[in-house]
1. Within region 47-93, can you find the residues that are part of a helix (DSSP H, G or I) and of a type in the set (S, T, N, Q)?
2. Report whether or not residue 14 is in contact with a Pro (Cβ under 7 Å, 6 or more places away or on another chain), open to solvent by 60 Å² or more (accessible area, probe 1.4 Å) and free of Cβ contacts under 8 Å to residues at least 12 places away in the same chain.
3. Which pairs have Cβ atoms under 7 Å, sit 6 or more apart or on different chains, and link a residue in region 47-72 that is free of Cβ contacts under 8 Å to residues at least 60 places away in the same chain to one that is surrounded by 13 or more Cβ atoms within 10 Å (Cβ to Cβ) and of a type in the set (Asp, Glu)?
4. With the requirement that a residue be open to solvent by 70 Å² or more (accessible area, probe 1.4 Å) and either touching a strand residue (DSSP E or B) at 6+ places or on another chain (Cβ under 9 Å) or acidic (Asp, Glu) (or both), what does region 21-69 give you?
5. At pLDDT below 85 and in contact with a helix residue (DSSP H, G or I) (Cβ under 9 Å, 6 or more places away or on another chain): does that describe residue 13?
6. Counting just the residues of region 70-93 that are open to solvent by less than 40 Å² (accessible area, probe 1.4 Å) and among the polar types (S, T, N, Q), which one comes out farthest from residue 30 (Cα to Cα)?
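The values are calculated or read from the model by the stated rules, or taken from the named source; none is laboratory data. The shown structure was predicted, so the numbers you read here are calculated from the model rather than taken from an experiment. Cβ sites come from the backbone with ideal geometry, for glycine too, and all protein chains shown count toward neighbours. Heads up: the accessible areas ignore ligands, DNA and RNA and are worked out on the full protein's heavy atoms, side chains in. Shrake-Rupley method; radii C 1.70, N 1.55, O 1.52, S 1.80 Å.
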Amino acid sequence: MPFPTAISKDIQGVEFFRKRSVGGRLDVWPFCVLYALIVAKAALHVSNYEWTALTTASYALGGVGLLHILTLLMSEWSTRCKAAIWYSRAKSL
C-alpha cells in the first residue's frame, strides 16, 4: 500500500514510526554501557590506589553525563532528534 500523498503546501511528506522499548532507545542503552564501563574502570583503579587514574575516570564520567544530558535535551527540543532517538521506522502499517 503506498504512503498517502500530501495535500497541503506546508506538508511535504509523511513517515510512519513505531515507538521503541525503553531499553532499545538510543538515549538509554549506549549510556548504560558507558556508565558501567567507566564505573568498573574507576573501581579497578580505587582498588589499586591509583588516584590519578581515578581522577581521569571521574572526568570521563562527567563527560558522558554531560553528553547524556545534551542528548535528552536535544530530544525535547527537536522533533527530528526525538524521532531518531525514541522511534524506529515502521515497515508497514
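1. Within region 47-93, the first condition is being part of a helix (DSSP H, G or I), and the residues that meet it are 47, 51-77, 79-86.
Correct list: 47, 52, 55, 56, 58, 71, 75, 79.
2. Working: in contact with a Pro (Cβ under 7 Å, 6 or more places away or on another chain): yes; open to solvent by 60 Å² or more (accessible area, probe 1.4 Å): yes; free of Cβ contacts under 8 Å to residues at least 12 places away in the same chain: yes.
Here the answer is yes, as residue 14 does meet what is asked.
3. 71/27; 72/27
4. Across region 21-69, the qualifying residue is only 50.
5. Details: at pLDDT below 85: yes; in contact with a helix residue (DSSP H, G or I) (Cβ under 9 Å, 6 or more places away or on another chain): no.
It is false that residue 13 is at pLDDT below 85 and in contact with a helix residue (DSSP H, G or I) (Cβ under 9 Å, 6 or more places away or on another chain).
6. Looking at the filtered set, the residue picked out is 78.
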